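Worksheet for the structure shown next.
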């Protein structure tokens, strides 16, 4: 109820600000860019398909200035107290435009306060990579409502290997990312939005945002088996003799057969800080959101304020949920391409989650890895549906390097975990676990100290 109330309040404030605003109908991206820099208007764009390259001319490019950290915007919404009704509008972006500024680029950049954008579809055309990375949408202003916006993303390099060729220092080939929607402001609401990504980069992510709400949002990536990668006869992985930046269980830094990788980054992700001022990230809430086929469905960790995931789902991800200090209510996921859950050491997490019955066709080493102290975790079967494949819940085990599926798990001292396991899957408590309380309807092994196990 709190999330619904907040959305209604924000919407009321925007409507109130626009009561005396002039309602203006526009028919071009030039007009959209003009009014995006003004304040106090309600803009209605005539439905249709618009081409960014018709607006983003050499003159516009030449006169565009970067923000405080060197990012350029194709269209910037710098005005305040505006409503943009873009229902039925599709803006196509030729991906060759992603490199015209020879810098980091945002296709759309909201820097003004109390900006409401609804109904827009943005489609990237082609696969030309960004010059130095970029976003489809950057939400840096406060009090934004981004509603019913759909992004179809392409344009990164390399693409087709997920993170196996590296990202940042030590990468085997230069990386040019293209991410989805980055939220950096205060009290921003992202509702009924969808991102479909065929590029390497995050889909929805928060860098320095505070009191951010995602509601009814959907993030979908693409997966590929490592066997398919190893069958290539050209391309960067082939030319690099199928080297990877991560070690496998044999200690070799090689793309390893038998696994499935996402070609994207996370569906929903939090960073510690970000934005022009490098502000620490605050409270984030995700309600009724879904991630499919991304590297991690939900990668959330408490930084300064509470983080909540509620009524949400992760399917087909390399890891469904990777959490530190997070509360999870009535959510679910599968073990199709990787573990359902990694709970990390640090702040304690409080989690209730259902296991979907869908089974894996490639190798997965665990249902869940639980590390650190004093977590409270309940895992149940979705609608009491049985699952034949066996994947263990490992207490005292840490996630593998970068959550990569063919990299070995680690261990860390883990104490005081309270686990209720009603999935029927086995529980393994390793030698560094202690004082954990487990109720389980599956088999168990206990190599730890003073653990208490009750078999249901």
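The values are calculated or read from the model by the stated rules, or taken from the named source; none is laboratory data. Note that the structure is predicted; figures quoted are calculated from it, not measured. Please note: Cβ atoms are built from the backbone with ideal geometry, for glycine as well, and neighbour counts cover all protein chains shown.
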### Task
Name every residue in the range 385-414 that is farther than 18 Å from residue 336 by Cα and outside any loop (DSSP other than H, G, I, E, B), in order of residue number.
395, 397, 398, 401, 402, 410, 411, 414
### Query
Looking only at strands (runs of 3 or more DSSP E) that fall completely inside the range 80-175, which ones have 1 or more residues that are surrounded by fewer than 18 Cβ atoms within 10 Å (Cβ to Cβ)?
89-94, 115-118, 121-125, 150-154
### Task
Could you list all residues from the range 415-427 that are in a loop (DSSP other than H, G, I, E, B), within 21 Å of residue 338 (Cα to Cα) and either touching a residue at least 40 places away in the same chain (Cβ under 8 Å) or touching a helix residue (DSSP H, G or I) at 6+ places or on another chain (Cβ under 8 Å) (or both)?
423, 424, 425
### Message
Looking at (1) out of contact with any helix residue (DSSP H, G or I) (no Cβ under 9 Å at 6 or more places or on another chain); (2) under 21 Å from residue 363 (Cβ atoms); (3) surrounded by fewer than 17 Cβ atoms within 10 Å (Cβ to Cβ), which one does residue 430 not meet, given that it meets all the others?
### Response
(3)
### Message
Residue under question is residue 273, and the condition is that it be within 21 Å of residue 169 (Cα to Cα), surrounded by fewer than 22 Cβ atoms within 10 Å (Cβ to Cβ), touching a strand residue (DSSP E or B) at 6+ places or on another chain (Cβ under 6 Å) and touching a residue at least 24 places away in the same chain (Cβ under 8 Å); does it hold?
### Response
yes
### Task
Test each condition in (1) more than 21 Å from residue 385 (Cα to Cα); (2) touching a strand residue (DSSP E or B) at 6+ places or on another chain (Cβ under 6 Å); (3) surrounded by fewer than 24 Cβ atoms within 10 Å (Cβ to Cβ) for residue 354 and report the one that comes out false.
(1)
### Residue check, residue 50 touching a residue at least 12 places away in the same chain (Cβ under 8 Å), under 17 Å from residue 135 (Cα atoms) and in contact with a strand residue (DSSP E or B) (Cβ under 8 Å, 6 or more places away or on another chain)
no
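Residue 320: surrounded by fewer than 20 Cβ atoms within 10 Å (Cβ to Cβ) and touching a strand residue (DSSP E or B) at 6+ places or on another chain (Cβ under 9 Å), yes or no?
The answer is no for residue 320.
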### Query
Which of (1) in contact (Cβ under 8 Å) with a residue 40 or more places away in the chain; (2) more than 18 Å from residue 167 (Cα to Cα); (3) touching a helix residue (DSSP H, G or I) at 6+ places or on another chain (Cβ under 8 Å) does residue 232 not meet, given it meets every other one?
(1)
### Task
Write out, first by first residue and then by second, each pair whose Cβ atoms fall under 8 Å of each other, whose residues are 6+ apart or on separate chains, and whose first residue, in the range 316-330, is over 11 Å from residue 343 (Cβ atoms) while the second is at pLDDT below 95 and surrounded by fewer than 24 Cβ atoms within 10 Å (Cβ to Cβ).
none
